[in-house]
Amino acid sequence: MEKSIISEGKTTNEAIENGLKKMNVSKNMVDIKILESQEKRSFFSILTPRVVKVQLTLKENKEKNDFNKNDRKEIELSKEEQEKAKSNVESFLKDFLEKLKIDNNYTIEHSKTGLNVNIIGKDLGFLIGYRGETLYCFQNILTSIAGKGIENRVRVILDIEGYKEKREKALQDLAEKLAKTVIKTRKPLTLEPMQAYERKIIHTKLQDNKFVETRSIGEEPRRKIVISLKKK
């Protein structure tokens, strides 16, 4: 995608909107410079069609994919902090899952930066939610609980009934399928809004593709991926 373009319209807003559509980005992702305004018109040009020209330039770091979003340097936890975090989550999960009154079990493994929690059972779809929305909310809750009484940030990774592994495979297959469609039609495709974790799967799957490229547009929680042909 071009980093900067010049767009035209009968009004400033129309010129900007035309440019945003061409670049397939939102307004807050670009710097806008008016090159030729409808106000600057001479007497001799009064009968000519009114044209406004604007230059749209992508802001720095706005087009970067989501690779670095969750890749900030993790702080290593001490043995005491690891055990404390595990105890916090274990105490909560034991009470929470008992109240569900369904057949389930869980495992908690601690690492230098946090916890890996896996809930196993039947009919736990309500804890996963539509495309994992409930799961990610639950993961945030566990992150807050794990960090109680601990100064450093505790990173909690939650999975339920192996959902994340299945979802990752489905997204990888989807990425390949859509890439082939873009190559065949030579037209970009915009996916539905996704979690940052899921967008990263798409980006990673297609990052070495010779024919297509990916980028993220929009703002959370409506941020989405665009797959398009690479510029030659």
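Summarising the strand pairing of the stretch 67-171, around 55 percent of its internal DSSP beta bridges are antiparallel.
Across the stretch 95-106, computed HN-Hα scalar couplings (Karplus, 6.51 cos²θ - 1.76 cosθ + 1.60, θ = phi - 60°) run 5, 5, 6, 5, 6, 5, 6, 10, 6, 7, 8, 8 Hz from first to last residue, x flagging Gly and Pro. A full extension of the chain between LEU229 and ASP173 corresponds to an added length of 18.3 nm, given 0.36 nm per residue minus the alpha carbon distance. For the listed residue pairs LYS148/LYS169; LYS99/LYS148; LYS21/LYS164; LYS169/LYS231; LYS21/LYS230, the alpha carbons are over 30 angstrom apart in LYS148/LYS169; LYS21/LYS164.
Oblate is the label for the stretch 165-229, because the ratio a/c of its alpha-carbon gyration tensor axes (a ≥ b ≥ c) is 1.5 or higher and a/b is not greater than b/c.
Placing a label point 7 Å from the Cα of GLU165 along the Cα-to-Cβ direction, no residue of the stretch 200-217 has a backbone N closer than 15 Å.
Taken together, the values in this text are just the output of simple stated rules run on the coordinates, not laboratory data. Predicted model, so just to flag it, every value in this text is computed and none were measured. Cβ: placed from backbone, ideal geometry, glycine included. Neighbour counts: every protein chain shown.
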